1. Where does the Debye-calculated log10 I(q)/I(0) of region 333-400 sit at q = 0.13, 0.15, 0.29 Å⁻¹, using only Cα point scatterers of equal weight, no solvent?
2. Sorted by mean Cβ packing within 10 Å, highest first, what order do the peptides 305-311, 274-280, 219-225, 74-80 take?
3. Please quote Rg/Rh for region 281-352 to two decimal places, taking the Kirkwood radius as Rh and restricting both calculations to Cα atoms.
4. Work through the residues other than Ala386 whose Cβ is under 14 Å from its Cβ and net out their charges, Lys, Arg +1 and Asp, Glu -1.
5. Could you name the lysines in cross-link range of Lys157, using Cα to Cα under 28 Å and dropping any fewer than eight places away on the same chain?
6. Report, largest value first, the span of the C-alpha coordinates of region 328-459 along each principal axis, in whole Å.
7. Between Asn289 and Asp188, what FRET efficiency follows from the Cβ-Cβ distance if R0 is 30 Å, with the result rounded to 0.05?
8. Order the peptides 205-212, 139-146 from the highest to the lowest mean number of other Cβ atoms within 10 Å of their residues.
Amino acid sequence: MNHMKYYLLFFIVICVVGCKDSFLEVKPSTDIVSPKTLDDFQQMLDYSAINFTSGLPLLSADEYEIPNEKDWQGLTVTERNAYSWASDLFEGQEGVEDWSYPYQSIFYANNVINGLAALAKNAGNQKEYDDILGQAYFVRAFAFFDLVKNFAVPYAKKTADTDLGVPLKLNPNSDEIVARASLQDTYDQIAADLGLAIGLLKPGLTANRNRANKPAAYALGARIALSMGDYDLAGRFSDSCLILYDRLIDYNTVGTSSSTPFARDNDEVLLSSTIGKNYAVSLYAGIKNTTIAQELLDLYTDNDLRKVLFFQKDDKTGLTKMKRGYAGPNRSAFSGLAVDEVYLIKAECAARKEDFADCAYFLDKLGLKRYKTGTYRPIQLTSKDAALQAVFSERRRELIWRAGLRWDDIRRLNRDGASIVLKRNIGTDRYQLEPNSPRYTFPIPAGEVTLSNIKQNNR
């Protein structure tokens, strides 16, 4: 019997993602058999929708432009409003996947955690049992972080106890209504889940990169600590990841003519994940008349192989599009974890400690794999500001179209005083997003607010 189809049906019946603002409205059928073996639980975590993330940060960031007002008007309500940073982002839309997909993953994880507890006495293979449990804790941490970085204000230690986080669903009860936790409690829960995952997961990567693993857990920890501004911790997480797994692709070995230059499970990918909702402008090819922002394109020199591996020019329109990235042939933007991001986190942490040699080491090691052979020149760093600017520029060149990493960077850097201002032109209208605007935090879908009676974000 194909167990996977059976369990997918079970959870699709429960979640009905996309049909309601809250999957909690749907009650499970009592005549469906629940999973009983380690293989059953693993198959649940192998479901392709596990690790789906929000596309809103990519829609809202400054990596792309829509030159023609008519093309902007042809987008969906959410796409138009995200592009112009409108106050009412969803306009009453139901079935907002940017909110429901992470909670679907959390629901899966909770069922595995709860189910494995009942299975503990008869687990059989302890290593396999621990690894599957570790995957479930990772999935929950990954999903909670995706939610909190989109639907809560940027983390600030002084106000985290009073700022609102997200509802922390920690058990499979689909009828339970949970209030928003504080931002500090939300991050504490993520840290607790991630700590358990790190202690349980196997040290190596698997052929299925959709599965969590210990290097990916350390990489996620580095990403989260960087977002929080805890640079010492981010550096330690980065070191722990790279001790276990440290591989970079030499872009000189990658064909430049293909529109899909990278395999989905290439050597740099630690965890495979993509945007869940297929927004037209967030796809690698994008809609016909979108283009990569010229200010971003100007950051690449002719010897930088990313210029030809990441982008392709439309001969008819003259507009520059993204080629497909680390999601391989998948049309949705990559939102997983990869070694190059860990290098850049490590470089930034070194820069903030004024360890210029270490910062340059990681920037140079990455750069040698990104430029035409023999053309890369080692970087010289003599000040903290210069080192940080080198890292930030490299993050923009390297981590483009990574499902919102740029938006996350703007949020955290503006929190720390960077004063980055975003601007859009739509026809004759001019839009501007000021640093630390409440519109950097997305509104919770109205249906969820009504159902759960939770407080809406200020927008």
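Here, each number is a calculation from the coordinates, and none is a lab measurement. Computed from a predicted model, the values in this text were never measured in an experiment. Because the Cβ atoms are built from the backbone with ideal geometry, glycine has one as well, and the counts that use them run over all protein chains shown.
1. -0.33, -0.44, -1.34
2. Per-residue mean Cβ counts within 10 Å order the peptides as 219-225, 274-280, 305-311, 74-80.
3. 1.02
4. Value of the local net charge: -3.
5. Output for Lys157: Lys149, Lys169, Lys214, Lys346, Lys353, Lys384, Lys455.
6. Reported extents, whole Å, longest axis first: 58, 38, 38.
7. Plugging the Cβ-Cβ distance into 1/(1 + (r/R0)^6) gives 0.10.
8. 139-146, 205-212
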